[in-house]
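Here the structure is laid out as C-alpha cells; the discussion comes afterwards.
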Amino acid sequence: MERSLYDYSSPELAALIAAVGEPSFRLQQVQSWLFKQRESDPAKMTNLPVALRAALAAAVVPTMLEAEAILESADGSRKVVWRLRDGARIETVWMPTESRLTLCLSSQVGCALGCTFCATGTMGLVRQLTPGEYLEQVLLLDRRFERRPDNLVLMGMGEPLHNRPHLDHLLHALGDLAGYGFSLTRVTLSTAGLMDELLEFHHDFPQVNLAISLVSPFDETRSVLMPINRKYPVARIAQTIRQIDPKWGGRVTLEYPLMAEINDRPEDVRELVRVFGGCRVKVNLIPYNTTAHATYSRPEREVIALFQDALQRAHIPAFVRWSRGQDVGAACGQLVTA
Ligand code: SAH
Ligand code: SF4
C-alpha cells in the first residue's frame, strides 16, 4: 500500500531518518515541513540533504488525497470530494463563520453500520482510511485555503471508533506540539453508539468531546433505524454516559436527527427525559436532511420548536442544529461517494 509522510507516526519517521544514517534533528526539520509548511512532498524539503530527500521520496508518494471537486454552498460552506489513490472517494466539509472554522472529517470510505436514514450507510464499508488519508483532510485544506481550523468534528463518512489505531495516529499527529499542535479539546468524536469502544477511547483521550447518535430513545425504533442498537441498546448508552468519568467537565452530546412521525412525538420526548434525565447530556436536534435513498421527512418547524422546548423544560439542554451545505449534499447524513 502506498503511503505519504503523513502516514508515518513520529517514531516511524525517526526510524526512516535513522535508517539513512541521518542525525535525529532531521526529524524536527521534516515535521516542520509537514505541519508548519503543510508540505509532504520530500522533493520540496529544500533544507534536507539530497540523499535524505531521495530516500524519503523513494519511500512515499507526495500526498494520498487529491481534491477532485470543491462544491461551494450558498451558505459559504464547501464540500471537498477527495479522490484516493485507489480511485475511492471521501468527502470533507469546510464550514466557516467569521470567527471560526469547523472541519467535518470522514473516518472511512463508506460505513459498515447501515443506518437507514444516512446516505453513507448505503455504501457499506468499502475500506478503512490510512492514517495519512485521515490527516491530510486537515493539512491539505489548511494549506489550500490558508486557514487553520478552530474545531474538528469526526462526523463525516464512517464510524470513527471502528479504527482505533488510525484514529490514535490522527489525534497524536494533531495534538502533539511537534505535530500540528491542535488542542484536542477542540475535537468532537461522534459514534453511532459503540459503548465499550467509547469508554476505552474516553479513557485514552479524555480531552476529546463526545457525541452519540441516539436517534430514538425506544429500542424497537432504534434497532430498525440503527442495527447497531441490537448490540448496544438505549439503556447501555445511558449507563455508559453515567460511567464516563464523573469528574469530567463535559456533557455528552446526544445527536438526534428529527424525522416526522418517527422520533418527533411527545412520547419520544417523555422517554428521552425518562432515560437520560439524570445524565450529563445535551441534545442536538438535527432536522432531517433528505437523502436519495430514504423516505423520511423533516418535521414542521413548530414541531421542532415544541420538541426543543419540552426537553429544556425538563432541564435537558437542547439545540436545533440546521445542517450547513444542504444545497451541495454536504449536510449531516448526505455524504455518499458510490
Ligand atoms: N458514524 C458516526 C459519525 C457520523 S456522524 C455517527 O453516526 O455518529 C453523522 C451524524 O449525522 C450522526 O449524528 C447522524 O445521526 C446524523 N445523520 C445521519 N443521517 C442524517 C440525516 N439524513 N439527517 C440528519 N442527520 C443525519
Ligand atoms: Fe455510519 Fe454514522 Fe451514517 Fe450510521 S449515521 S451509517 S454509523 S455514518
> If we scan segment 42-55, do we find a residue that is closer than 18 Å to Leu174 by Cβ and among the small types (Gly, Ala, Ser)?
Replying inline: no
> Of the conditions (1) open to solvent by less than 10 Å² (accessible area, probe 1.4 Å); (2) farther than 24 Å from Ala119 by Cβ; (3) out of contact with any helix residue (DSSP H, G or I) (no Cβ under 6 Å at 6 or more places or on another chain), Leu214 fails just one. Which one is it?
Replying inline: (2)
> Can you tell me which residues in segment 1-26 are in contact (Cβ under 8 Å) with a residue 40 or more places away in the chain and assigned to a helix (DSSP H, G or I)?
Replying inline: Leu5, Tyr6, Asp7, Ser10, Leu16
>> Against the conditions (1) outside any loop (DSSP other than H, G, I, E, B); (2) without any contact (Cβ under 8 Å) to a residue 60 or more places away in the chain, where does Thr253 fall short? Just the number, please.
In response: (2)
>> Yes or no: segment 264-285 includes at least one residue that is open to solvent by 10 Å² or more (accessible area, probe 1.4 Å) and either within 14 Å of ligand 2 (Cβ to nearest atom) or more than 25 Å from Ala314 (Cβ to Cβ) (or both).
In response: yes
> What number of residues within segment 269-281 are among the charged types (D, E, K, R) and touching a strand residue (DSSP E or B) at 6+ places or on another chain (Cβ under 9 Å)?
Replying inline: 1
> Glu133: open to solvent by less than 10 Å² (accessible area, probe 1.4 Å) and more than 16 Å from ligand 1 (Cβ to nearest atom), yes or no?
Replying inline: yes
>> What's the number of the only condition in (1) surrounded by 19 or more Cβ atoms within 10 Å (Cβ to Cβ); (2) touching a Pro at 6+ places or on another chain (Cβ under 7 Å); (3) in a loop (DSSP other than H, G, I, E, B) that Gly76 fails to meet?
In response: (1)
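The values are calculated or read from the model by the stated rules, or taken from the named source; none is laboratory data. All values reported here derive from a predicted model rather than from experimental measurement. Please note: Cβ atoms are built from the backbone with ideal geometry, for glycine as well, and neighbour counts cover all protein chains shown. Accessible surface areas use protein heavy atoms only, side chains included; no ligands, DNA or RNA. Shrake-Rupley method; radii C 1.70, N 1.55, O 1.52, S 1.80 Å.
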